[in-house]
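The values are calculated or read from the model by the stated rules, or taken from the named source; none is laboratory data. Computed from a predicted structure; not experimentally measured. Counting neighbours? That spans all protein chains shown, and the Cβs are built from the backbone with ideal geometry, glycine included.
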């Protein structure tokens, strides 16, 4: 089909032409549901402070049906929307935690992650290098990094 073959005699746009010639429709990703009757409501913030000045927060949400918690990182000055549709997925053997880097400054000093009870986590530094950090009992064990569980600090400000 050429551009002039459109029914109106006007050229078709690339998008319209591509979609009309394809029999397959784009697949929408499945939205994560925590239970059969999800009722996600906002629970509380965990503020992240440096020298008593808030630089960001972790928003904590909870399902009123199954009580599963979900967290979302908010850095002051960053207005971008998350690329995750719905609530971020977390496995039953993971907990939401904040990793604090002693090597970084300002907004790059912390990051929201999902920690398992024990093992290793691949952590991306602000200069986009991947490092391995050891986890013991849901805590980072490292000379240059520490961590705390977000749900242990609901409605509080954590000085990092």
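Just a few scattered comments:
- Of all the residues in segment 127-153, those that are assigned to a strand (DSSP E or B) and surrounded by 12 or more Cβ atoms within 10 Å (Cβ to Cβ) number 12.
- The set of residues in segment 96-126 being in contact with a helix residue (DSSP H, G or I) (Cβ under 9 Å, 6 or more places away or on another chain) and part of a loop (DSSP other than H, G, I, E, B) consists of 102, 103, 125, 126.
- Of the residues in segment 6-23, none is closer than 30 Å to residue 101 by Cβ, at pLDDT 55 or above and part of a loop (DSSP other than H, G, I, E, B).
- Among the residues of segment 50-58, none qualifies, meaning not one is at pLDDT below 90 and part of a strand (DSSP E or B).
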